[in-house]
Amino acid sequence: MNGLKVVFWKEMADHLGSRKFIILFAIILAISVSVVYILSQNISEYFSEISKEYMFLNLFTTSAGSLPSFIFFVSFFGPLIGIIFGFDSINSERSRGTMSTVLSQPIYRDALINGKFLASLTTIGIMLISIILIILGLELGVLGIIPNFEEILRMGLFFVASIIYIGFWLSMGILFSIVFRQTTTSALISVMLWIFFAFFILMIASVIADQIVPLNQNSTLEVAAKNDEIKNMILRISPVVLFQEIVIALLNPSARAFGISSLVKLNDLLPTSLSISQSLMVIWPQFVGLIALMLICFAISYIIFMRQEIRAT
Amino acid sequence: MNNKSKFIFFLGVIIIFSILGSYICAQEKPGRDFILYSEYTNIKVEKGQTYDLDVKIINLGSKIEKISLNLIKDEEAKNWDVSLLNSTWKGFEVRKVELLTEEPDYSKTLKFHLVVPEEAISGNYKFILEGISLDQVLKKTLEFSMEVAEKKEVVEEETGNLELATKYPTLENPSGKEFKFNLEAKNNTEDILVCDLGISLPQRWTAYCTPQWRDERISSLKINQNSTENLTLTVVPPLFIEKGEYPITFYVSSGENTASIELKAVVTGTYKLNYRTETGLLNIETIAGEEKTFIIYLWNEGSSAIDNLSFFSTKPEDWGISFKPDKMNSLPSVIETQKPEQIEVTIKTPAQTLPGDYPITLTLAGTQDQKNIELRTTVKVPTKWGWIGVVIIGLILAILIGIFIKLKRR
């Protein structure tokens, strides 16, 4: 435990002092603040679209003009942060030759990898929560909207989901940094996977769905729903999509379904808000999937790292 | 004279006479004649009554006639009020009539107006209507005879010194509504009467009396001599009452003077379904894929039974809603049953139901009344999937910890 603590605090100090952290933080902060600021400037324009019950939450999900919404930034650039913190965590030490030095200290291997992972995750958490709090403060100050208890709870869950989501990308980055000796290789592969899950999966999913259930102009709604269902099933391989669905359900209390097939069922529903537990139940599979992905990814990297031979070069 | 010459002689005589006759007749009618005519010239009259008899004067001649008319009364009929009026509704007296020769003005209809005095002695009275043409040449008379009969005491019965009357003695209302009778109390005496009011009602009924258009409830009433007071009698039936006819008798009395009137209140049946859910709330929580049973209490607040009750529902697709019992032949009034009926409603939602609020409508329809129950059904996701998720995460964590322990300290 002592070793873990040492590694953790050392890594934390490294991260928080590093230039890449400051630059990343500045970029994300600037984007988020500008989104919220523009949104709050044009609040009257969006006022009619926003349900008054959850106005505060809506500010996170509403996109202002050409600027996408805050959750869009998190879902697309969160992975990048995770990758940046993870891709060189092991192999850079190895290439610098510091690994064996560290391990010659009374520090165990598991303490090293756990400490690195936890430190990175904590750093990301600090970053996220400070951004959320800045936005919250801005909204409070500019708009004078006070979030209600449920909104705060939902935002808390959103924070947890974001941590898990970015944690997945972090553990994936660490995995690649263990597997590949070169930092460039691990960085490239991580970014490639990110691009694949964020962008290419969309195309692949629709191509496959169209192959299985072809759509044309005469297709009935049922066929379209079937097609959409298949597409969604494929899309849900991607953690990006999982996270997006989670966030939509969490930040939009009236959301309860994704895809055309479920839209058909919506007809009978009253457009009321769900309670937070029900919202959570709606995206619980996605949530579980995301947690599992993160844990499995980390477990694999842990196993590989523990079995690796480390020689002093 | 033989037969043939006899026949010719008679024929000749007849012809001569007929020519002569027609000549004489033409000579006798110098184109001037009129008649006085009435349908009824002998009538029976009653004391104190007024009669109008139509009298026609018709010009039969070919000249315009001016005829003065006189009414000649008997000595005994001196104090009778008789006059000859024209035929308009409120006629004026006529002394002279001018008749033209052509239609329509060759005849006039007049009214022989006759008021029989109260104190007339029974017997026969004669009136002669005399019409004399202006040049006194033509003179016609028409005789009326009137027989005055004694008033029948039985028929009269002197309506009493106090009288009660109403235009609408029978009123009909659904049960639960009060009846308002408008009554007239009439004092025929020459004194001011203070009357007590009384009523006899069916059991459990109540009533009160107010002056018309006013709110004060009164139990006695002052009526001036020879005048009428308007009253409103409000009769309140008991809250729950069967349909039927209920007789009511209303009295006024002042000393020995009494009057009563029979009234009737007809209560028609009412039908009013009412319901309550077990909790009194109109929302139900259920879990997708599971059955939810709740109870609706149903009763008939009306006074008569509602027949052929059946239950329907409008609901989202694939939902199942069943009722137990699913119909009732008759739902008697709650007054009879003293307790509501229980209906078990079972809602089955399909397993894939999205969580949220769904509106469903239950229709309780009988022949006489129906009721819609709008329910909001809150469907929740079954929590078992949540626990399965937790178990999965727990498993993965356990594996991770297992790995930690196994590979630790190298």
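Observations on the model:
- Residue in segment B:96-108 that is closer than 17 Å to B:Asn42 by Cβ and surrounded by fewer than 14 Cβ atoms within 10 Å (Cβ to Cβ) present: no
- Restricting the first member to segment A:1-14 and to residues that are under 14 Å from A:Arg109 (Cβ atoms), and the second to residues that are among the aliphatic types (A, V, I, L, M) and in a helix (DSSP H, G or I), the beta-carbon pairs closer than 6 Å and six or more apart or on different chains are A:Gly3/A:Ala111; A:Leu4/A:Ala111; A:Val7/A:Ala111; A:Val7/A:Leu112.
- Pick from segment B:100-140, criterion more than 49 Å from the chain's Cα centre (by Cα) and hydrophobic (A, V, I, L, M, F, W, C), ranking: farthest from B:Leu84 (Cα to Cα): B:Val137
- Scanning segment B:348-401 for residues that are among the aromatic types (Phe, Trp, Tyr), modelled with pLDDT of 85 or more and over 23 Å from B:Phe294 (Cβ atoms) turns up just one, B:Trp387.
- Segment A:275-310, residues that are more than 9 Å from chain B (Cβ to nearest Cβ) and free of Cβ contacts under 8 Å to residues at least 12 places away in the same chain: A:Glu309
- Among the candidates B:Lys126, B:Lys177, the residue that is basic (Lys, Arg), modelled with pLDDT of 80 or more, surrounded by 13 or more Cβ atoms within 10 Å (Cβ to Cβ) and in a strand (DSSP E or B) is uniquely B:Lys126.
- Whenever a residue of segment B:346-365 is within 14 Å of chain A (Cβ to nearest Cβ), its partners that are surrounded by fewer than 22 Cβ atoms within 10 Å (Cβ to Cβ) and aromatic (Phe, Trp, Tyr), lying with C-beta atoms within less than 6 angstrom and at least six residues away or across chains, give the pairs B:Thr349/B:Trp319.
- Flag if A:Ser219 is touching a residue at least 12 places away in the same chain (Cβ under 8 Å), small (Gly, Ala, Ser) and out of contact with any Leu (no Cβ under 8 Å at 6 or more places or on another chain): no
- Filter result for the condition that a residue is closer than 12 Å to B:Ile347 by Cα, modelled with pLDDT of 85 or more, more than 40 Å from the chain's Cα centre (by Cα) and surrounded by 16 or more Cβ atoms within 10 Å (Cβ to Cβ), over B:Thr286, B:Thr293: B:Thr286
- Single match in B:Leu375, B:Leu395 (criterion: of a type outside the set (S, T, N, Q), in contact (Cβ under 8 Å) with a residue 40 or more places away in the chain, out of contact with any Gly (no Cβ under 7 Å at 6 or more places or on another chain) and more than 7 Å from every other protein chain (Cβ to nearest Cβ)): B:Leu375
- Which numbered condition A:Leu263 misses (of (1) modelled with pLDDT under 75; (2) more than 7 Å from chain B (Cβ to nearest Cβ); (3) in contact with a Pro (Cβ under 9 Å, 6 or more places away or on another chain)): (3)
- Selection count, segment B:56-85, where residues are closer than 14 Å to B:Lys126 by Cα, touching a residue at least 24 places away in the same chain (Cβ under 8 Å) and charged (D, E, K, R): 4
- Every condition in (1) over 14 Å from the mean Cα position of the chain (by Cα); (2) of a type in the set (Gly, Ala, Ser); (3) at pLDDT 85 or above holds for A:Gly97 except the one numbered (3).
- Residue in segment B:327-339 that is closer than 21 Å to B:Asn283 by Cα, touching a residue at least 40 places away in the same chain (Cβ under 8 Å) and away from every other protein chain (no Cβ under 11 Å) present: no
- Restricting segment B:41-62 to residues that are farther than 15 Å from B:Leu142 by Cβ, under 41 Å from the mean Cα position of the chain (by Cα) and not aromatic (Phe, Trp, Tyr), the residue that is surrounded by the most Cβ atoms within 10 Å (Cβ to Cβ): B:Val45
- Within segment B:63-84, the set of residues being surrounded by 17 or more Cβ atoms within 10 Å (Cβ to Cβ) and touching a Gly at 6+ places or on another chain (Cβ under 6 Å) comprises B:Ile67, B:Leu69.
- Test: residue in segment A:101-120 that is under 14 Å from the mean Cα position of the chain (by Cα), modelled with pLDDT of 85 or more and not small (Gly, Ala, Ser): no
- Residues being free of Cβ contacts under 8 Å to residues at least 40 places away in the same chain and among the charged types (D, E, K, R) - total across segment B:268-310: 2
- Here A:Phe258 fulfils each of the conditions (1) facing chain B (nearest Cβ under 8 Å); (2) modelled with pLDDT under 80; (3) surrounded by 20 or more Cβ atoms within 10 Å (Cβ to Cβ) apart from (1).
The values are calculated or read from the model by the stated rules, or taken from the named source; none is laboratory data. As the structure is a computational prediction, the values presented were derived from the model and not from experiment. No Cβ is skipped: glycine too gets one built from the backbone with ideal geometry, and neighbour counts run over all protein chains shown.
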